[in-house]
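Novice: Take this structure first; my questions come after.
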Amino acid sequence: MTEQSSQQPTGDEADQAIAQAQDAEDQRGAHGDGRPADQEPGTAPSDAEKDPETWVTGGEPATGPQRSYLSTLAQEAGEEVPQDISKAHASEMIDRLQDKTGRG
């Protein structure tokens, strides 16, 4: 009979590691950002929507993805995006431009 190496996880340890990895994926979401697989970038499920003005980080500069999507929408809508736009204002502008361009 051969001894099991201490480097190899037991069946229970392997099952536990898989469960932890799945839990971590559930928390991050399918895209790694907490967004479910069927949720579009930059959107939130209706039960989790918050007023952007109440966001703790709403006054921080818009994120790269927000700026990129906003640039696309603004170009289609014939509008300009302010250089110093905040996360909250960017979110509101995205919502408005999605409606205007029919992307929402």
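Novice: Go through segment 84-97 and report how many residues are over 19 Å from residue 50 (Cβ atoms) and loosely packed, with under 15 Cβ neighbours inside 10 Å.
Specialist: Summing the residues that are over 19 Å from residue 50 (Cβ atoms) and loosely packed, with under 15 Cβ neighbours inside 10 Å in segment 84-97 gives 1.
Novice: Another question, then. Take residue 33 and tell me if it is open to solvent by 90 Å² or more (accessible area, probe 1.4 Å) and either out of contact with any strand residue (DSSP E or B) (no Cβ under 8 Å at 6 or more places or on another chain) or at pLDDT 70 or above (or both).
Specialist: yes
Novice: Filter segment 74-95 down to residues that are closer than 14 Å to residue 59 by Cα, of a type in the set (A, V, I, L, M, F, W, C) and not in a helix (DSSP H, G or I), then give me how many there are.
Specialist: 1
Novice: Pick from segment 39-73 the residues that are under 16 Å from residue 103 (Cα atoms) and outside any helix (DSSP H, G or I): which of them is modelled with the lowest pLDDT?
Specialist: Among them, the one singled out is 44.
Novice: Residue by residue through segment 74-83, note down the ones that are closer than 14 Å to residue 98 by Cβ and open to solvent by 70 Å² or more (accessible area, probe 1.4 Å).
Specialist: The answer is 75, 76.
The values are calculated or read from the model by the stated rules, or taken from the named source; none is laboratory data. Just so it is clear, the model here is predicted, and its values are computed rather than measured. Cβ: placed from backbone, ideal geometry, glycine included. Neighbour counts: every protein chain shown. Note: accessible area is taken over every heavy atom of the protein model, side chains too, but ligands, DNA and RNA are not part of it. Shrake-Rupley method; radii C 1.70, N 1.55, O 1.52, S 1.80 Å.
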